[in-house]
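Taken together, the values in this text are just the output of simple stated rules run on the coordinates, not laboratory data. Quick caveat, the model's predicted, so the values are computed rather than measured. Positions of Cβ are generated from backbone atoms using ideal geometry, with glycine treated the same way; all protein chains shown enter the neighbour counts.
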Amino acid sequence: MVIIFTYILVGTLFGLIAGSINEGKGYSYWTGFWCGFILGLIGIVVVCVQTDKTKVNVKGAEEIEKYKKLLDNGSITKEEFEESKKRILSKL
């Protein structure tokens, strides 16, 4: 009985840590929680090495802004801008 209680307590601790990290990277808190709860320290490592979705979205927005400036300057056409925007958004 003590072993089960200890596993639940430690699993919850790992789950809270993994969930918080996962949420900060733009993923579901509960996915990270269960990953940490079930896998323990390995779950935290898995969550830590995931791609940060928030940084990917910022890079995409910055790239679209770059093409918008080119469009405003007349360096590219509206069609080229829309094509570039569609390509960038498809990567996200």
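For the chain, give the magnitude of the charge dipole about the Cα centre (Cβ charges: +1 Lys/Arg, -1 Asp/Glu; no others), in debye to the nearest 20.
40 debye
Quick one: Cys35, Cys48, fewest Cβ neighbours within 10 Å first, how do they rank?
Cys48, Cys35
Using a 10 Å cut-off around each Cβ, can you sort Lys86, Lys59 from fewest to most neighbouring Cβ atoms?
The order, fewest Cβ neighbours first, is Lys86, Lys59.
For Glu79 and Asn57 in the same chain, what is the full-extension length gain: residue separation times 0.36 nm, less their Cα-Cα distance, in nm?
Working it through step by step, the gained length comes to 5.7 nm.
Starting with the highest mean, order 68-76, 25-33 by the number of other Cβ atoms within 10 Å, averaged over the residues of each peptide.
25-33, 68-76
List the lysines whose alpha-carbon lies under 19 Å from that of Lys69, not counting same-chain residues fewer than 8 positions away?
The qualifying lysines are Lys59, Lys78, Lys85, Lys86.
Between beta-carbons, use under 12 Å as the cut-off and find the net charge around Lys66, counting Lys and Arg +1, Asp and Glu -1.
It works out to a net charge of 0.
List the equivalent ellipsoid semi-axes of region 2-50 in whole Å, largest first, each obtained as the square root of 5λ for an eigenvalue λ of the Cα gyration tensor.
Over the Cα atoms of region 2-50, the ellipsoid semi-axes are 20, 9, 6 Å.
Can you spot the aspartates and glutamates whose alpha carbon is less than 17 Å from Lys55's alpha carbon? Ignore those fewer than 8 places along the same chain.
Partners within reach: Glu23, Glu63, Glu65.
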